[in-house]
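In what follows, a structure is listed as structure tokens, so that the remarks can point back to it.
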Amino acid sequence: MSSFQVQQVSIIGAGLAGLTLALALHQQAIPVTVYEARTEPLNIGGAVMLSPNALKILDALGLYGTIKSKGFSFDTLEYRNLAGDIIDTQEFGSEVKYGYRGLRIYRHVLISELVSALQKQKVEVVYGKKFSHVTGESSDTTTFAFQDGTTVTTSLLVGADGIHSTVRKHMYPDLQTKFIGMAGITAAVPASQVQLPEGYHLPVTVMSPQGAFVMAQQQVDGSEIFFGKQMRVTPGDKPDWDRDFVADKDSALEFLQQNNDHFPEFVKNATAHIDKVTINKWPFFVVPKLDRWASELRRVVIVGDAAHAIPPSAGQGINQAFEDVYMLALVLGQRQKIRSFELALSFWQEYRQTRVDKILVLNQQIDARRMPSKDTVVGSDSSFKREPFDLSWLYQPDFKQDVQEWVASNSV
């Protein structure tokens, strides 16, 4: 076997990133198997917002035609002051400008469509298999074990297992994710409860000196309204404090309903009656910038949150994970033309890291808008607040062309 043969890929994690990678690899005629610790497809979390960069990928994989009718489409995110005046607008899509409108769709709906697509292509997803550790790695293969004691030998192991990745421990056994001191507290209610003023556009961020309130439509017909605020959080002493924090829905309900007197009436309407079942709490963790997303022998790779967890401020976390896996599949699809596996993975990581870095700057711009002006972390530095949004670089990538251009100058 040459140094750049990929005869089989094994993916740990059947979330959005892992399933999408499997579909993209199959498109490149690369055999692939997905392993998931849970005993059935994931049915957790609320909705995700997909921007044109991700929708272009899902379109290339044959999914967009199905999912666009199963979510709520929109173009812009508005920022308004307490008087209702529009003070900023952030594009999240445009069919005319970018080819796709933004799409807000439930995570479990998207996962269901991915699972169905993989089943049609006879790509195997194995449930109830919890990854344990890598047992060995060579220049051609890697072998890994599950907690039930069974092992698999594969050409490439990909960790798509989230921010607290177990696969990542093979490369960074001592790495600790970093909590940035903020959490998103969200819920959902029927749109009829909110009673929006005539002409008021959603999604919107209503800003005030005390913080911001975010609202967006959900369901195909916009019949459900998602809303939330960002909370400053002091972590507890226990290593698993975040689990207790997430499980405490009572404090989340209190936070969503308190200090809203200064907001418009429709905000108070939204928070007046909240079903705790709809509440989600999202502590914002990040992964320190990693030198490499692949092991030294390059037969273990991490993607998505495992490689670069991005707080959801700009709604780009899952969108960037889609970029990770699609670019990886495109690069591996050129395996017969590229001089070495090392060269291919270096290009992939550098390309992706550049875009992730720009997302982190965008997040800072958005957080500065949403947090209270007196917030000690955001501080009095308003430089991010004053920068206008220019997102053409984000929504108009040409992934295939970028790979082809790179291959042309680095081919065998």
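Bear in mind that the values in this text are calculations on the coordinates, not laboratory data. No experiment lies behind these values; they were computed from the predicted model shown. For neighbour counting, all protein chains shown are included, and Cβ atoms are generated from backbone atoms with ideal geometry for every residue, glycine included.
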**Item:** Gain in span if fully extended, residue 342 to residue 201, counting 0.36 nm per residue against the direct Cα distance
**Value:** 45.9 nm
**Prompt:** If you take the beta carbon distance between residue 234 and residue 94 as r and set R0 to 45 Å, what does 1/(1 + (r/R0)^6) give as a FRET efficiency, to the nearest 0.05?
**Reply:** 0.65
**Asked** Relative to the compact globular guide of 2.2 N^0.38 Å, what is the alpha carbon radius of gyration of the range 296-347, as a ratio?
**Response** 1.29
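Mind checking the full-extension length gain between residue 175 and residue 243? Use 0.36 nm per residue of separation minus the Cα-Cα distance, one decimal, nm.
22.6 nm
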**Message:** Can you find, among 123, 328, 21, the residue sitting farthest towards the positive end of the charge dipole of the chain, where Lys and Arg contribute +1 and Asp and Glu -1 at Cβ?
**Reply:** 123
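Quickly rank 52-61, 191-200 as a protection proxy: mean count of other C-beta atoms within 10 Å, highest first.
Answer by packing, highest mean first, reads 52-61, 191-200.
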**Fill in**
Within the range 62-87, the residues whose backbone N lies under 17 Å from a label point placed 7 Å from the Cα of residue 268 along the Cα-to-Cβ direction are 82-84
**Message:** Suppose each label sits 7 Å from its Cα in the direction of the beta carbon; what would the residue 126-residue 39 distance come out to in nanometres?
**Reply:** 1.8 nm
**Request:** Obtain the nm distance between the two label points defined at residue 276 and residue 409 by a simple spin-label model: each point lies 7 Å from its Cα along the Cα-to-C-beta direction.
**Result:** 5.8 nm
**Message:** Tell me the mean residue ellipticity at 222 nm calculated for the chain from its helices only (DSSP H runs of n ≥ 4, each -39500 (n - 2.57), averaged over every residue, nearest 500).
**Reply:** -9500 deg cm²/dmol
**Prompt:** Pairing the Cα long axis of helix 107-120 with the longest principal axis of the chain, what angle in degrees results, from 0 to 90 and rounded to the nearest 10?
**Reply:** 30 degrees
**GluC sites (Glu not before Pro) restricted to the range 246-317 and DSSP loop, no more than 15 other C-beta within 10 Å** = 296
**Request:** Measure nothing fancy, just the Cα-based angle from helix 399-410's long axis to the longest principal axis of the chain, in degrees from 0 to 90, nearest 10.
**Result:** 40 degrees
**Item:** Residues of type aspartates and glutamates that residue 249 reaches as a straight line, Cα spacing below 14 Å, ignoring anything fewer than 8 places off in the same chain
**Value:** 275
**Prompt:** Roughly how tilted is helix 317-333, in degrees to the nearest 10 and between 0 and 90, from the longest Cα axis of the chain?
**Reply:** 20 degrees
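Rounded, prolate or oblate: which fits the range 129-267 when a ≥ b ≥ c are the square roots of the eigenvalues of the alpha-carbon gyration tensor, with rounded for a/c under 1.5 and prolate only if a/b beats b/c?
prolate
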**Message:** Over the Cα atoms of the chain, what radius of gyration and what Dmax do you get, in Å?
**Reply:** 21.6, 68
**Prompt:** Could you give me the ³J(HN,Hα) list for the range 294-311, computed from phi with Karplus coefficients 6.51, -1.76, 1.60 and θ = phi - 60°, whole Hz, x at Gly and Pro?
**Reply:** 9, 5, 4, 8, 6, 10, 10, 10, 10, 9, x, 4, 5, 9, 7, 4, 10, x
**Message:** If I take every Cα pair under 8 Å that is 6 or more residues apart in the range 171-252, average their sequence separation and divide by the length, what percent do I get for the relative contact order?
**Reply:** 32 percent
